[in-house]
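Enquirer: Sharing a structure below in structure tokens format, with a few things to ask.
The values are calculated or read from the model by the stated rules, or taken from the named source; none is laboratory data. These numbers were taken from a predicted model, which means no experiment stands behind them. All Cβ positions, glycine included, derive from the backbone under ideal geometry; neighbour counts span all protein chains shown. Areas reflect the complete protein model, heavy atoms only, side chains present, ligands, DNA and RNA absent. Shrake-Rupley method; radii C 1.70, N 1.55, O 1.52, S 1.80 Å.
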Amino acid sequence: MTSRILRPVRAARLTTRPRSATPLGVRLPLVAAAVVAAGLTAACGPSTQPTKPTGAAAPTTAGQPSQTLPAGTESASAEASPTASATPSASATTPSATIPAGSSPTPSRAQTAKPAPKPSRTSAAPTPARIPGPGYDSSADAQKQIDAALRAAKADGRMVLLDFGANWCGNCKAADKVFAQPQTASILGASYHLVKVDIGGNSSANSALLRKYSPSGGSYKMPVLIVVSPSGTVRTDTHATGNPALTSDGINSFLRQWAS
């Protein structure tokens, strides 16, 4: 009875246990090879290199210190070329000029450049008035000459000096010599318009002019010197006051006194 029950079980065990198709003589070398490979892996480490995570430190060579790069530096340096990293671009080295709104990029000369100082202008000395020569012109129109002298006096502010005399008068010749001297001529040219009127002839017109500017009448002692303002007003009359000394000092003093 017992032998009958065990037989089917043993048969079942024999049928259910898998049998390796590889012969035992072949499996022993494979096992040995696997053991050798496992020993090499344990001694040398895995043959495949693990994937390096982003931002991890790069492997270092024996004898060199390791450098840790921050995250994002490796990718930035990998994209930049060696030339670009060694030589910075012109835009990185040259600062850009900032132009304020509303201003011109190029300032005008009027805004930046200061004008050179102008030399001070000195007023030119007025041209000296013309001084008649010695003697008296009996043919001259004395009224026209006086009118012209008064117009010039109104323009430049000089006085008008009327000299009534005659060519045969000794005192008149003495006065002419003083008028010709440089110092006296300078005073006359700077301050007077001189008009010489002949009263030694038979000119009634010239005699009337004398009475007009020297109305006191009587006997006239020549020369008669009369200073008239630009407005035509008589300032002094030597027929009334007497002649100065007919020398350079006397005439120069008289001219300076009535020049202004």
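Enquirer: State the number of residues belonging to segment 134-190 that are within 19 Å of Ser231 (Cβ to Cβ), among the hydrophobic types (A, V, I, L, M, F, W, C) and in a helix (DSSP H, G or I).
Expert: The qualifying residues number 7.
Enquirer: Still on this structure, I have one more. Collect the residues in segment 217-231 that are of a type in the set (S, T, N, Q) and either under 60 Å from the mean Cα position of the chain (by Cα) or in a strand (DSSP E or B) (or both), keeping them in residue-number order.
Expert: Once the filter is applied, which keeps residues that are of a type in the set (S, T, N, Q) and either under 60 Å from the mean Cα position of the chain (by Cα) or in a strand (DSSP E or B) (or both), segment 217-231 yields Ser229, Ser231.
Enquirer: Something else now. Six or more apart or on different chains, Cβ under 7 Å: which pairs go from a residue in segment 228-248 that's farther than 18 Å from Pro215 by Cβ to one that's among the β-branched types (Val, Ile, Thr) and at pLDDT 95 or above? Could you list them?
Expert: That search, which allows pairs on different chains as well, returns Pro244/Ile251; Leu246/Val178; Thr247/Val178; Ser248/Val178; Ser248/Thr184.
Enquirer: So, one more: Mind checking which residues of segment 144-158 are open to solvent by 60 Å² or more (accessible area, probe 1.4 Å), more than 10 Å from Val195 (Cβ to Cβ) and in contact (Cβ under 8 Å) with a residue 40 or more places away in the chain?
Expert: Lys154 - this is the single residue of segment 144-158 that is open to solvent by 60 Å² or more (accessible area, probe 1.4 Å), more than 10 Å from Val195 (Cβ to Cβ) and in contact (Cβ under 8 Å) with a residue 40 or more places away in the chain.
Enquirer: Still on this model: Has segment 234-241 got at least one residue that is part of a helix (DSSP H, G or I), at pLDDT 95 or above and open to solvent by less than 40 Å² (accessible area, probe 1.4 Å)?
Expert: Yes, some residue in segment 234-241 is part of a helix (DSSP H, G or I), at pLDDT 95 or above and open to solvent by less than 40 Å² (accessible area, probe 1.4 Å).
Enquirer: Scan (1) aliphatic (A, V, I, L, M); (2) outside any loop (DSSP other than H, G, I, E, B); (3) surrounded by fewer than 17 Cβ atoms within 10 Å (Cβ to Cβ) for the single condition Ala259 breaks and write down its number.
Expert: With respect to (1) aliphatic (A, V, I, L, M); (2) outside any loop (DSSP other than H, G, I, E, B); (3) surrounded by fewer than 17 Cβ atoms within 10 Å (Cβ to Cβ), Ala259 is out only on (2).
Enquirer: Based on this model, can you work out whether Ile251 counts as farther than 17 Å from Ala149 by Cβ, in a helix (DSSP H, G or I) and either modelled with pLDDT of 95 or more or in contact with a Pro (Cβ under 8 Å, 6 or more places away or on another chain) (or both)?
Expert: Here the answer is yes, as Ile251 does meet what is asked.
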